[in-house]
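These notes are about the structure you will find just below.
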Amino acid sequence: MATEKLGVILVGHGGIPKDCPSDLVTRLKRLEAQRRAAKQPPSPEELELDRKIRHWPRTAATDPYQSGLEAVAEALRPHLNGALFAVAYNEFCGPTLEESVEDLIKQGATHITITTTMFTPGGSHSEIEIPEILEHLRPLHPDVELRYAWPFDLNLIAHTLVEQVRRFSK
């Protein structure tokens, strides 16, 4: 029996770099809306715009969201008991969830748990898009267990928020 190798992926929303031309983002969002309305696959133009925005050069100044998620990732990493680890983004930034899953599988992961910083119920990324991506990936990797750590225990979230309020109430 093969040895299990665990992986964890932290998924964030993704932000638009401050210096990315707004017309690129506007065009991408328009194409996405048209595609969804027509229930069609992405067009080559949509895929190219998505790729261009996701790979736009970034710094902490131009994309503070990415820097923030990377800081959360660095704080999380030491608590994962040596599991393989990757970050992914839903939109505007790379790598994608698909790319991070593929990367961990190439590193030998046999069990991958996906979690997100988007813990509020009702979000389309966390409740719809991430599960859809995983459903698409599972048949492509039948020997890899892909688990989605969702939904969050709202009592644990409330406890974290209470602790945060206490930190600033002293």
Quiz prompt | Hey, LEU97 in contact (Cβ under 8 Å) with a residue 24 or more places away in the chain, over 30 Å from PHE152 (Cβ atoms), surrounded by 14 or more Cβ atoms within 10 Å (Cβ to Cβ) and aliphatic (A, V, I, L, M) or not | solution = no
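Scanning for something closer than 21 Å to LYS18 by Cβ, in the same structural domain as ALA158 (by TED's automatic domain parsing) and in contact with a Lys or Arg (Cβ under 8 Å, 6 or more places away or on another chain), does region 82-89 turn up at least one residue?
Yes, that holds for at least one residue.
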Quiz item: Given the residues PRO17, PRO41, PRO57, which is the only one that is modelled with pLDDT under 95 and in a loop (DSSP other than H, G, I, E, B)?
Solution: PRO41
Quiz item: Given (1) farther than 25 Å from GLU102 by Cβ; (2) surrounded by 15 or more Cβ atoms within 10 Å (Cβ to Cβ), where does ALA73 come up short, assuming only one miss?
Solution: (1)
Practice problem: Just name the residue that is farthest from LEU84 (Cα to Cα) out of those in region 60-73 that are of a type in the set (S, T, N, Q) and in contact (Cβ under 8 Å) with a residue 12 or more places away in the chain. | Solution: THR62
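Rundown of residues vs (1) on the phi > 0 side of the Ramachandran plot; (2) in contact (Cβ under 8 Å) with a residue 12 or more places away in the chain; (3) of a type outside the set (Ser, Thr, Tyr), yes/no style:
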| residue | (1), (2), (3) |
| --- | --- |
| GLN34 | no, no, yes |
| ILE53 | no, yes, yes |
| ARG58 | no, yes, yes |
| TYR89 | no, yes, no |
| ASP103 | no, yes, yes |
Practice problem: Report the residue count in region 132-167 for those that are surrounded by fewer than 14 Cβ atoms within 10 Å (Cβ to Cβ) and either acidic (Asp, Glu) or under 19 Å from GLU99 (Cβ atoms) (or both). | Solution: 10
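For region 61-170, which helices (runs of 4 or more DSSP H) that fit wholly inside it have 3 or more residues that are within 13 Å of GLY7 (Cα to Cα) and either under 15 Å from the mean Cα position of the chain (by Cα) or modelled with pLDDT under 95 (or both)?
Numbers: elements: 64-76, 97-106, 130-137, 154-169.
The qualifying helices (runs of 4 or more DSSP H) are 97-106.
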Quiz item: Yes or no: ASP50 assigned to a helix (DSSP H, G or I), loosely packed, with under 11 Cβ neighbours inside 10 Å, modelled with pLDDT of 95 or more and among the charged types (D, E, K, R)?
Solution: no
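The values are calculated or read from the model by the stated rules, or taken from the named source; none is laboratory data. From a predicted model like this one, the values you see are computed outputs, not experimental measurements. Cβ coordinates were reconstructed from backbone atoms using ideal geometry, including for glycine residues, and neighbour counts include every protein chain displayed.
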